[in-house]
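Notes follow once the structure below has been shown.
What follows is calculated from the coordinates using simple rules that are stated; it is not laboratory data. Predicted model, so just to flag it, every value in this text is computed and none were measured. Ideal geometry is used to build each Cβ from the backbone, glycine not excepted, and the neighbour counts take in all protein chains shown.
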Amino acid sequence: MQVFEFLEEEAVACSLKGQTKDEVIRELVQLLAKAGAVKEREVSKLVQILLEREALGSTGIGQGVAIPHGKSSCVGHLVGAVGISKAGLNFDSLDGELAHIFFLLVAPEDSAGPHLKALARISRLLKEKHFRDSLIAAKDEKTLLKIIRDEEQRRQ
């Protein structure tokens, strides 16, 4: 599975404003709503679902990366957003480090395969430090998308 199979290209931000886990998750869900992937009236419900998932265990996987994810009837297929926090924030990551790179995934309630494949793909891509550093340094959303696209092509 490729990132652009689920990433909503209009749901990308290279300078997230949120300073807490809740704020960043809300901001990422708002990006999905702005992109038309989630209805505006579903935003609060979806944020709650994602925060409940976080309560089970942080999706801050370490090395500056967090992949908040959940399942909801709000979506008909797997959708994703990506955001960068230049300053970083405490996301209760496994390694105790600040998180800078956020990939948000939302899958339909009855979906397992694509959701897990997407998590695995993102995790593999983000293992490489140079790629992570490039994402954090992106000047704008167009550049951020190009970095992801170039890395995907390089790894085919």
Query raised in the report: If we count every other residue with Cβ under 15 angstrom of Lys34's Cβ, Lys/Arg +1 and Asp/Glu -1, where does the sum land?
Result: -3
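Could you compute the net charge surrounding Glu141? Neighbours are other residues with a C-beta less than 11 Å from the C-beta of Glu141; K and R count +1, D and E count -1. Can you show the working numbers first?
Values: positive: Lys139, Lys142, Lys146; negative: Glu9, Glu10, Asp140.
Charge balance in the 11 Å sphere: 0.
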Query raised in the report: With the chain treated as a Gaussian network of Cα nodes joined by springs under 10 Å, which of Ala37, Ala55, Ala81 yields the largest mean-square fluctuation?
Result: Ala55
Report summary line: With the 8 Å Cα cutoff and a minimum separation of six or more residues, the range 1-72 has a relative contact order in percent of 23 percent
Report task. For each of Glu9, Glu27, count neighbouring Cβ atoms within 10 Å of the residue's Cβ, then give the residues from fewest to most. Result -> Glu9, Glu27
Requested in this report: Give a residue-ordered list of calculated ³J(HN,Hα) values for the range 122-136 (Karplus: 6.51 cos²θ - 1.76 cosθ + 1.60, θ = phi - 60°; whole Hz; x for Gly, Pro).
Outcome: 4, 4, 4, 4, 7, 5, 7, 4, 4, 5, 4, 4, 5, 4, 4
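Would you tally the net charge around Pro68, using a Cβ to Cβ cut-off of less than 9 Å, leaving Pro68 out, and scoring K and R as +1, D and E as -1? Can you show the working numbers first?
Numbers: positive: Lys21, Arg53; negative: Glu54.
Once positives and negatives cancel, what remains is +1.
Just in the range 1-64: which trypsin sites (Lys or Arg not before Pro) are loop by DSSP and have at most 14 other Cβ atoms within 10 Å? If you can, show how the numbers build up before the last one.
On the way: sites: Lys17, Lys21, Arg26, Lys34, Lys39, Arg41, Lys45, Arg53; in loops: Lys17, Lys39.
Taking the range 1-64 and a limit of 14 other Cβ atoms within 10 Å, the loop trypsin sites (Lys or Arg not before Pro) found are Lys17, Lys39.
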**Report entry** Cross-link table Lys17/Lys71; Lys34/Lys139; Lys39/Lys127, entries beyond 29 Å C-alpha to C-alpha
**Finding:** Lys39/Lys127
Query - Loop-located trypsin sites (Lys or Arg not before Pro) in the range 93-128 whose Cβ has at most 13 other Cβ within 10 Å (DSSP) - result: Lys127
Query - Set of aspartates and glutamates with alpha-carbon distance to Lys129 below 17 Å, sequence-local pairs under 8 removed - result: Asp95, Glu97, Asp150, Glu151, Glu152
**Report entry** Farthest toward positive dipole pole in the range 3-154 [+1 Lys/Arg, -1 Asp/Glu at C-beta], among Ser93, Ser58, Ser123
**Finding:** Ser123
